[in-house]
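The structure appears right after this line, and notes come after that.
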Amino acid sequence: MDKLVITGGNRLDGEIWISGAKNSALPILAATLLADEPVTISNLPHLHDITTMLELFGRMGVQPVVDERLGVEVDPTSIKTLVAPYELVKTMRASILVLGPMVAHFGQAEVALPGGCAIGSRPVDLHIRGLEAMGAEITVDGGYIKAKAPEGGLRGAHFLFDVVSVTGTENILMAATLAKGKTVIENAAREPEVVDLAECLIAMGAQISGHGTDTITVHGVERLHGARYSVMPDRIETGTFLVAAAATRGRVKLKGTDAGILDSVLLKLEEAGAHIDTGKNWIELDMKGNRPRAVNLKTAPYPAFPTDMQAQFVAMNTVAEGTGTVIETIFENRFMHVQEMNRMGARILVEGNTAIITGVEQLKAAPVMATDLRASASLVIAGLVADGDTMVDRIYHIDRGYECIEEKLQALGGIIRRVPA
């Protein structure tokens, strides 16, 4: 198992390109199963979760083909089995996203209950209830969700999510595109990744309105056709590199990204003292050599502050001037990075779902262990501002969400290398 070794103390300075969004790419790949012609998806990040999804397709008889532009062509008409097996699904919660498309297009599906990061309960009952509202018969047996569409296919329905769910919204949205009649999804997730999925479905011939609001309306169509679609930039990777630059008192220009999907994060970085400039597809942050100021924040569904950026801001606050309070409202088990940072000399007190961080001048290097995807990114940031060599263990988490993180940080002047265990 590889580790990252980071020598702290360097200010990040330079320019890098941002990758496509994993949290957009996975549902968009799942959506290709709805078409009756090949669909080509470009700007896919080279990540383990993407590889796992493509391997899952291969197991089902759908062999993705990489084209000359590094896009992936998926031809769902070659599907042979409607089973998503546990050995693949267990590593990635997003595999649940194939459930809605398979039931809608092929009339049935058998999907193992998913795994993924241990950051709290993310039940799949919302996905099941949404599909049942559309007429699907569903049983959970032997660790598998077994779903079957009614005679004549799924029917449009009015469905209200009692809790906002991104993957739940995406699954029901995809299923509704081929359901007979109108589907209205209330209390829908508003995340940019949901909007990106809807735009891809529209490019395939779906009739969708209201995406980006809390009420999405879908008029089912007979079929979805082939299309070419480019995945949006990764707003969490963008935010992570911006915070890393802010924590190290540096300057970065990030290309191939979009400031419009990061409003709450950019606002907090400006509060921390960052000077931010933006253009059509770039963001520049400059701390002008100054130490960041501590910020208070509270995570909540989009467009509020994203839970996936919480750990990175905790890392920045550890070396900021003053005291910052971070309240986590989405996941109940998402402060596991705190004890690792405290081992590096951070002053963080956790009370329930609140972390109170008093900034210190500099952290001290220590061996630390990643516990989930975003926690591992925050420990890398901590390593960049620590005195000495920090070793981050269990980095398979980080490889699930960040493409070539050490190469990108090296390009910005960070001293970081991957070493075999």
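Quick check: at a probe of 1.4 Å, how many percent of the accessible area of the range 287-340 sits on carbon and sulfur atoms?
Answer for the range 287-340: carbon and sulfur cover 47 percent of the accessible area.
Using a 1.4 angstrom probe on the protein heavy atoms only, line up Trp282, Trp17 by accessible area, largest first.
Trp17, Trp282
Quick one: net charge of Ile172's neighbours, Cβ under 14 Å, K/R +1, D/E -1?
Working: positive: Arg129, Arg155, Lys182; negative: Asp125, Glu132, Asp162, Glu170, Glu186, Asp214.
Summing Lys and Arg as +1 and Asp and Glu as -1 gives -3.
Can you quote the Å³ per residue value for the convex hull of the Cα atoms in the range 273-386, rounded to an integer?
Details: hull volume 12.2 nm³, N = 114.
Normalising the Cα hull of the range 273-386 by residue number yields 107 Å³.
Note down the net charge around Met134, summing +1 for each Lys or Arg and -1 for each Asp or Glu among other residues with Cβ under 13 Å from its Cβ.
Around Met134, the charge tally is +3.
Sticking to Cα atoms, compute the Rg of the chain to one decimal and its Dmax as the biggest Cα-Cα distance, whole number, in Å.
Cα only, the chain: 21.5, 66 Å (Rg, Dmax).
Using only Cα atoms and rounding to the nearest 10 degrees, what angle (0 to 90) does helix 22-31 make with the longest principal axis of the chain?
Tilt relative to the chain: about 10 degrees.
Between Glu68 and Lys298, what is the label-point separation in nm under the 7 Å Cα-to-beta-carbon projection?
5.5 nm
For Ser19, what residues show an amide H to amide H distance below 5 Å, using hydrogens built from the backbone and excluding near sequence neighbours?
Under 5 Å from the amide H of Ser19: Asp234.
Return the calculated 222 nm mean residue ellipticity for the chain, to the nearest 500 deg cm²/dmol, obtained by summing -39500 (n - 2.57) across DSSP H runs with n ≥ 4 and dividing by the residue count.
Calculated mean residue ellipticity at 222 nm is -8500 deg cm²/dmol.
Can you put Lys90, Lys80 in order of accessible area, largest first, using a 1.4 Å probe?
So the residues, ranked largest to smallest area, are Lys80, Lys90.
Between the range 340-413 and the range 1-63, what is the C-alpha centre distance in whole Å?
23 Å
Taking 0.36 nm per residue of sequence separation and subtracting the Cα-Cα distance, how much length would be gained by fully extending the chain between Arg343 and Met1, in nm to one decimal?
120.9 nm
Place a +1 charge on the Cβ of each Lys and Arg in the range 31-109 and a -1 charge on the Cβ of each Asp and Glu, then give the dipole magnitude about the Cα centre in debye, rounded to the nearest 20.
340 debye
Antiparallel DSSP bridges in the chain: what percent, to the nearest 5?
Bridges in the chain that DSSP calls antiparallel: roughly 70 percent.
Within the accessible area of the range 1-141, what % is carbon and sulfur when the probe is 1.4 Å and the other protein chains stay in place?
Here carbon and sulfur together make up 49 percent of the probe-accessible area.
Suppose all protein chains stay in the model; what accessible area per residue would a 1.4 Å probe give for the chain, in Å²? Kindly include the intermediate steps, with their values, before the conclusion.
Details: 15880 Å² over 421 residues.
For the chain, the per-residue accessible area is 38 Å².
Taking the convex hull of the Cα atoms, report for the range 366-421 its projected area averaged over all directions, in nm².
Over every viewing direction, the Cα hull of the range 366-421 projects on average to 3.6 nm².
Suppose every Lys and Arg Cβ carries +1 and every Asp and Glu Cβ carries -1, with no other charges. What dipole size does the range 193-241 come out with about its Cα centre, to the nearest 20 debye?
Approximately 200 debye in magnitude.
Can you give the charge dipole size of the chain about its Cα centre, rounded to the nearest 20 debye, using +1 on the beta carbon of Lys and Arg and -1 on the beta carbon of Asp and Glu?
520 debye
Considering only Met287, Ile261, Ala272, whose Cα is most displaced toward the positive end of the charge dipole of the range 217-344, charges sitting on Cβ of Lys, Arg (+1) and Asp, Glu (-1)?
Selected residue: Met287.
Using alpha carbon coordinates only, what is the Rg to Rh ratio of the range 173-299, with Rh defined as the Kirkwood radius?
So for the range 173-299, dividing Rg by the Kirkwood Rh gives 1.12.
For the range 230-271, what is the Kirkwood estimate of the hydrodynamic radius, computed as the reciprocal of the mean inverse distance between distinct Cα atoms, to one decimal in Å?
After inverting the mean inverse Cα-Cα distance, the result is 10.7 Å.
If I take R0 = 51 Å and measure r between the Cβ atoms of Glu132 and Thr323 in this structure, what FRET efficiency does the formula 1/(1 + (r/R0)^6) give, to the nearest 0.05?
The pair Glu132/Thr323 has a calculated efficiency of 0.60.
Could you work out how far the C-alpha centroid of the range 158-188 sits from that of the range 197-227, in angstrom?
The distance from the Cα centre of the range 158-188 to that of the range 197-227 comes to 11 Å.
So what's the net charge close to Glu222: Lys and Arg +1, Asp and Glu -1, counting the other residues with Cβ under 12 Å from its Cβ?
+1
Report the accessible area of Asp393, computed with a 1.4 Å probe over the heavy atoms of all protein chains in place, in Å² rounded to the nearest 10.
50 Å²
If a paramagnetic tag sat 7 Å from the Cα of Asp13 along the Cα-Cβ line, which residues of the range 376-412 would have the backbone N under 17 Å from that point?
Of the residues in the range 376-412, 385, 409-412 have backbone N under 17 Å from the label point off Asp13.
With a 1.4 Å probe and all protein chains kept in place, how much accessible area does Leu349 have, in Å² rounded to the nearest 10?
It works out to around 90 Å².
The values are calculated or read from the model by the stated rules, or taken from the named source; none is laboratory data. Quick caveat, the model's predicted, so the values are computed rather than measured. Every residue, glycine among them, receives a Cβ derived from its backbone with ideal geometry; neighbour counts consider all protein chains shown. Surface areas here come from the heavy atoms of the whole protein model, side chains and all, with no ligands, DNA or RNA. Shrake-Rupley method; radii C 1.70, N 1.55, O 1.52, S 1.80 Å.
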